[in-house]
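Throughout, read-outs are computed from the coordinates displayed, never taken from laboratory work. A quick note: this is a predicted structure, and the numbers were derived from the prediction, not measured. Cβ atoms come from the backbone with ideal geometry, glycine included; neighbour counts cover every protein chain shown.
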Amino acid sequence: MARAVPVGPVPDPAPDPVRDPWRDAMRLALAEADAAVPAGDVPVGAVLLGPGGAVLARGHNEREATGDPTAHAEVLALRRAAAATGEWRLTGCTLVVTLEPCVMCAGALVQSRVERVVFGAPDEKAGAAGSLWDLVRDRRLNHRPEVIQGVLGEECAAQLTAFFRAR
Ligand SMILES: [Zn+2]
């Protein structure tokens with residue numbers, strides 16, 4: 001059977017049997033990110049999926065809204081999911097976020113024992129899931145979530161670009 005061979009770099013090819021399942025969740029994360037903008041926060045959104053794929057929690061950047069330097073989308077989603085389940089270990093869960101996690105969030109993801117991190121756009125300046133560091137998959141740590149990147153990557157990057165262009 002003939003297989004289509006991509007020509008040149010294809011950041012977000014369709015359909016991909018591995019990445020496709022995460023697209024719906026990433027669309028929810030993109031919508032969540034929009035909620036950050038009215039307060040002047042950078043539009044980053046996250047959804048925390050339970051082991052069966054149900055949405056346990058959502059979060060968007062709230063640094064400006066709350067004056068909390070740790071109020072990143074991922075941290076808020078992790079805290080809310082832990083509060084909802086009554087369990088700090090988020091075993092079997094998947095964190096889906098529009099932008100590659102920073103070092104703080106990567107650390108929180110390792111601490112929470114999530115099974116998987118799915119992100120859209122890479123963060124070449126501060127990313128800690130493969131771009132600048134790869135904290136989540138550091139072999140010296142006792143827990144290493146799987147990383148899936150580039151899901152709706154162009155949409156995620158475009159949302160951020162539009163925000164910064166408007167400022
Ligand atoms: Zn962060």
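Quick notes on this structure:
- Charge tally for LEU132 (other residues, Cβ to Cβ under 10 Å; Lys, Arg +1; Asp, Glu -1): -3.
- Extent along principal axes [Cα atoms of the chain; Å; largest to smallest]: 52, 41, 30
- Taking amide H as placed 1.01 Å from N in the peptide plane, the amide H of VAL118 sits under 5 Å from that of LEU95, VAL96, VAL97, ILE148, each at least 5 places away or on another chain.
- Each peptide among 37-46, 78-87 gets the average number of other Cβ atoms lying within 10 Å of its residues, and from highest to lowest they stand as 37-46, 78-87.
- Using the Karplus relation 6.51 cos²θ - 1.76 cosθ + 1.60 with θ = phi - 60°, the per-residue 3J(HN,Hα) values for the stretch 84-100 come to 5, 9, x, 8, 6, 7, 9, 4, x, 8, 10, 9, 10, 9, 6, 10, 3 Hz, with x marking Gly and Pro.
- Relative contact order for the chain, counting Cα pairs under 8 Å that sit 6 or more residues apart, in percent: 20
- Relative contact order of the stretch 43-90, taken over Cα pairs closer than 8 Å and 6 or more residues apart, is 33 percent.
- Per-residue Karplus couplings for the stretch 157-165, computed as 6.51 cos²θ - 1.76 cosθ + 1.60 with θ equal to phi - 60°, are listed in order as 5, 5, 4, 5, 4, 5, 5, 6, 5 Hz, Gly and Pro entered as x.
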